[in-house]
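Rule-based calculations on the coordinates, nothing more; no lab input. Everything numeric here is computed off the predicted structure, so don't read it as measured data. Heads up, the Cβs are rebuilt from the backbone with ideal geometry, glycines too, and the neighbour counts pull from every protein chain shown.
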Amino acid sequence: MGVDVLLGLQWGDEGKGKIVDVLTPQYDIIARFQGGPNAGHTLEFEGIKHVLHTIPSGIFRNNVVNVIGNGVVIDPVILLNEIKQLEELNVDVQSKLLISKKAHLILPTHKILDQASEISKGKHKIGSTLKGIGPTYMDKTGRNGLRIGDINSPSFNEKYQKLKDKHINLLKNTNLLKDLESIENEFLDSVKYLKKFEHIDSEHFLNNASKNGKNILAEGAQGSLLDIDFGTYPFVTSSNTITAGTCTGLGIAPNKIKKVVGIFKAYCTRVGSGPFPSELYNEIGEKIRKLGHEFGATTGRERRCGWIDLPALKYAIMINGVTELSMMKADVLDSFEEIFVCTHYIQQGEQIDYFPFELNENTKPVFKKISGWNQDITKCKKEKDFPKELSSYIAYLEKELEVPISIVSVGPNRTETIIRF
């Protein structure tokens, strides 16, 4: 068997968690391949909203193994809190969660370094979640990092102290270390707790599972436009959020990847700084924010809102090799008589229909007006219940993007999901 991939095609917050949850019954294993607690995957069912940060979104389904892959960076404190919240809901996390020995640890000083870095940038800050993600990946590539496999090593304390001392030296001219001791104690207690879980060589585990006929879904975090190489650099995350990240984040060979499911919103959002050509600075953008409850699941920050961006979406589809699409939050546009689509950009006086090397404040969108459906679609149970304007919007996007839309979300609950094929 191969490995299917599910990832976001915009700037994150597309609704990946919901679709993983919906699709999980088709799979034996759900594996996160990159990112860390800067992710916020929201799932809603039985009247309760759940937000996952590190644990894969298949954790609520029975008889499914969830793997935190080697490409993920782990904050033991946040992971422990997440586990305890799930256990309060009678989720048997320990029997369903496996952690790669090669996943790197976020230290308390990584988070302080993150804060110091953002402060130093002033008005040019990138909008970091301040979870220590960037500094942890920097230590990983700098060959200084600590990994899950190290916590059972007799030399763990020595390795931890060495890395901590390096960070303290970098921070010595700041006043950000005053609370380090209390934060450190919580970190070390959480590390001890994680020893209870099974730590695996995830590359062997996943390849053997595939060889033995198990169905595997690789779950991405953030979005393709935040990819460290192909996103809107430098306003990006610190990992590869695209399909290729599955290979390095799980140890899966490229020829093992089969279906690639790209998730996108019927409009567009972004959290933090960075270019956003189709952003709406008016009451329409505010209306979308309120109707869509567009506030960061991890940070609580307001999301910037705008119309869907086709050049960016086509670019994300291309670099990911997307084979099918899931359109999320169509219901947020229920009360609009007309909606708009960004079809091109104007940059340096030239109209372009592709995603360029750099977007900036001078990159202007070209919009196409489309009739809205202007009615409640949350009660739709099948595609035949869609208003004709929604069906036309879907058909238009499929033609422009040249990829079929297999799933349309008409509400936040897992039951408010229309599988088209």
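Summary table
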read-out	value
Sites Lys399 and Asn63, calculated FRET efficiency, Cβ-Cβ separation with R0 35 Å, nearest 0.05	0.35
Amide H contacts of Arg147 (H built 1.01 Å from N, under 5 Å, at least 5 apart or other chain)	Leu105
GNM top mover of Asn320, Asn62, Asn207 - the chain, alpha-carbon springs below 10 Å	Asn62
Convex hull volume per residue for region 1-87, taking Cα atoms only, in Å³	105
Fraction of the pair-distance distribution of region 179-329 above 20 Å, Cα-Cα pairs, percent	62
Long-range HN-HN contacts of Val410 with modeled amide H, under 5 Å	Thr417, Ile418
From phi via Karplus (6.51, -1.76, 1.60), per-residue ³J(HN,Hα) for region 256-261 in Hz, x at Gly/Pro	8, 7, 10, 7, 10, 9
Largest to smallest principal axis extent of the C-alpha atoms in region 16-146, angstrom	45, 31, 24
Fully extended contour minus Cα-Cα distance, from Asn81 to Lys214, at 0.36 nm per residue	44.9 nm
Coordinate range along principal axes, alpha carbons of region 298-341, Å, largest first	32, 32, 17
At q = 0.15, 0.18, 0.21 Å⁻¹, base-10 log of I(q)/I(0) for region 70-149 (Debye sum, equal scatterers on each alpha carbon)	-0.62, -0.80, -0.95
Debye intensity ratio I(q)/I(0), log10, region 223-296, q values 0.13, 0.21, 0.22 Å⁻¹ (C-alpha model)	-0.52, -1.00, -1.05
Cα-derived Rg over Rh, computed across region 105-147 with Rh taken as Kirkwood radius	1.00
Whichever aspartates and glutamates have a C-alpha closer than 18 Å to that of Lys214, once near sequence neighbours (fewer than 8 apart) are set aside	Asp4, Asp21, Asp28, Asp201, Glu203
Gln348/Asn157 FRET efficiency (R0 41 Å; Cβ-Cβ; nearest 0.05)	0.15
Evaluated over the chain, the Cα radius of gyration and Dmax, each in Å	21.3, 65
Histogram of C-alpha separations across region 245-388, 10 Å bin width, %	10, 33, 35, 18, 3
At R0 = 30 Å, FRET efficiency that the Cβ-Cβ distance of Tyr193 and Phe295 yields, to 0.05	0.50
Approximate spin-label separation Lys381-Met1, in nm, with each point projected 7 Å along Cα-to-Cβ	3.1
For region 104-181, the spread of Cα positions along each principal axis, largest first, Å	44, 23, 18
Mean separation of Cα contacts under 8 Å (6+ apart) over length of region 123-241, as relative contact order %	25
Computed [θ] at 222 nm, deg cm²/dmol, the chain (DSSP H ≥ 4; -39,500 (n - 2.57); rounded to nearest 500)	-9500 deg cm²/dmol
Long-range HN-HN contacts of Ala31 with modeled amide H, under 5 Å	Val67, Leu217, Ala218, Glu219
Table column - 3J(HN,Hα) (Hz), region 359-373, Karplus curve with 6.51, -1.76, 1.60, x for Gly and Pro	9, 8, 5, 8, 7, 10, x, 10, 9, 10, 8, 10, 5, x, 8
Phi to ³J(HN,Hα) by Karplus 6.51 cos²θ - 1.76 cosθ + 1.60 over region 232-242, Hz, x for Gly, Pro	7, 4, x, 8, 9, 8, 9, 9, 8, 8, 8
Folded to 0 to 90 degrees: helix 202-211 orientation relative to the chain principal axis, Cα	50
Pairwise label distance in nanometres, Phe367 with Glu286, each label 7 Å out on the Cα-Cβ vector	1.6
Between 0 and 90°, nearest 10: helix 388-401 axis offset from the chain longest Cα axis	60
Degrees separating the helix 180-194 axis from the principal Cα axis of the chain, which is the longest one	80
Counted charge near Ile263, where neighbours are those whose Cβ lies closer than 11 Å (Asp, Glu -1; Lys, Arg +1)	0
Calculated diffusion of region 180-263, Stokes-Einstein form, Kirkwood radius summed over Cα pairs, 4 °C and 1.567 mPa s, µm²/s	83
